[in-house]
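S.K.: Before I ask anything, here is the structure I am working with.
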Amino acid sequence: MTPNASSYIDFPWLSSPPPRPAPRETLHSFVSRLAASKGVSTSDFYLDMGVSLRSMAILDEEAVAAVARWAGLNAIEMDELLSRTGVPSGNIRMTFRGQIIGSRALRNPEMRGCRKCLAKDAQRNPDFPLKEMVMRGDWLFRDVTICIEHRTPLEVLWTEHTRAMRFDIGSRLSEIAPNHQ
């Protein structure tokens, strides 16, 4: 049976275009918004793409390429997302925005953010806030404590020691999103 247009009435995410990367957004944040735009959890979306949470957490080349294909991202968009996420550069170093830094400066069990930024994001689409809520790359830095937009302290949004679970951003943001999707 071929679906017709009326079949999609109860599934508004099927007719909406995929999100585009937001300024300062991390790759993991973008994937969670892409999953939300399809009406699935981030972990289910990874399964649909044929990649694991772990492979995305370590930015496995094949997993990153799968995201680019599924999202229709060009090389410039993907490079920008990766530059805001931090890419492994050896065992204990990462490249962030073209600079090589110690990985502990970026990779921390505490995921912090600005609740004002997230609330503002969510207001763009109150019915589906997870499609809009963006985790910014500058929030990853352990020494960054103030939101550059609101000049308010960053808050710990969640703590997770397992890297793969730490970057399951969609499930964590759903806990703090308005309307708890």
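The values are calculated or read from the model by the stated rules, or taken from the named source; none is laboratory data. None of the values given here were measured: they were computed from a predicted structure. In this analysis, Cβ positions are derived from the backbone assuming ideal geometry, glycine residues included, and neighbour counts consider all displayed protein chains.
S.K.: Would a scan of segment 74-84 turn up a residue that is within 18 Å of the chain's Cα centre (by Cα), more than 19 Å from ARG20 (Cα to Cα) and not basic (Lys, Arg)?
M.R.: Taking every residue of segment 74-84 in turn, none turns out to be within 18 Å of the chain's Cα centre (by Cα), more than 19 Å from ARG20 (Cα to Cα) and not basic (Lys, Arg).
S.K.: Take segment 69-108 and flag every residue that is surrounded by 15 or more Cβ atoms within 10 Å (Cβ to Cβ) and more than 25 Å from VAL144 (Cβ to Cβ).
M.R.: TRP70, ALA71, LEU73
S.K.: I need the strands (runs of 3 or more DSSP E) fully contained in segment 13-129, keeping only those with at least 2 residues that are farther than 18 Å from ILE169 by Cα.
M.R.: 93-96, 99-102
S.K.: Another question about this same structure. State yes or no: is SER103 within 24 Å of GLU155 (Cβ to Cβ), among the small types (Gly, Ala, Ser) and modelled with pLDDT under 95?
M.R.: yes
A quick yes/no check of all residues on (1) in contact (Cβ under 8 Å) with a residue 24 or more places away in the chain; (2) among the hydrophobic types (A, V, I, L, M, F, W, C):
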position: ARG142; (1), (2): yes, no
position: CYS147; (1), (2): yes, yes
position: ARG151; (1), (2): no, no
position: GLU155; (1), (2): yes, no
position: ALA164; (1), (2): yes, yes
position: PHE167; (1), (2): yes, yes
position: SER171; (1), (2): yes, no
position: SER174; (1), (2): yes, no
position: ALA177; (1), (2): yes, yes
